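Q: Have a look at this one before I ask anything.
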Amino acid sequence: VVITGLPCPARVVASTADQTFPPATYASLPVETPTLVVDGASHRGLVLNRRVLATLVPAVTAWLRRAAPAPAGARSPPGS
């Protein structure tokens, strides 16, 4: 299967210590997508490491707000 385009924004989150899917894995994707490379987390550590999550979650949510703004009239979630 060859994907030539996406109907929505996409972002790759990779880590320098991920031996399952290292950042180089995403270098030749057939669609253009920004890549956020996190230093030192394992593959599972990207979602389980509290140190990583403290900076990763704000970075990803900020990207989501820029990439897919809320429709006019939509309410913001609490705490945003």
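The values are calculated or read from the model by the stated rules, or taken from the named source; none is laboratory data. All figures in this text were calculated on a predicted structure; none of them were measured in a lab. Because the Cβ atoms are built from the backbone with ideal geometry, glycine has one as well, and the counts that use them run over all protein chains shown. Only protein heavy atoms, including side chains, enter the accessible area calculation; ligands, DNA and RNA are left aside. Shrake-Rupley method; radii C 1.70, N 1.55, O 1.52, S 1.80 Å.
Q: Could you tell me the relative contact order of the chain? Use alpha-carbon pairs under 8 Å, at least six residues apart, and round to a whole percent.
A: Relative contact order of the chain: 27 percent.
Q: Return one whole number: the accessible area per residue of region 1-57 in Å², for a 1.4 Å probe.
A: 73 Å²
Q: To one decimal place, what Kirkwood hydrodynamic radius in Å is obtained for the chain from all pairs of distinct Cα atoms?
A: Value: 14.4 Å, from the Cα pair sum.
Q: Oh, and also: Considering the alpha-carbon set of region 17-64 alone, what are its Rg and its Dmax in angstrom?
A: My reading of the Cα-based Rg and Dmax gives 11.4, 32 Å.
Q: Run lengths n ≥ 4 of DSSP H only: what is the helix-derived mean residue ellipticity at 222 nm for the chain, with -39500 (n - 2.57) per run over all residues, to the nearest 500?
A: It comes out at -8500 deg cm²/dmol, rounded to the nearest 500.
Q: With the dipole of the chain worked out from charges on the C-beta (+1 for Lys and Arg, -1 for Asp and Glu) around the Cα centre, which of Pro7, Ala68, Gly45 lies farthest toward the positive end?
A: Positive-most Cα among the choices belongs to Ala68.
Q: If you stretched the chain out fully between Thr25 and Arg44, how much longer would it get, using 0.36 nm times the residue separation minus the C-alpha to C-alpha distance?
A: Contour length minus the Cα-Cα distance gives 5.2 nm.
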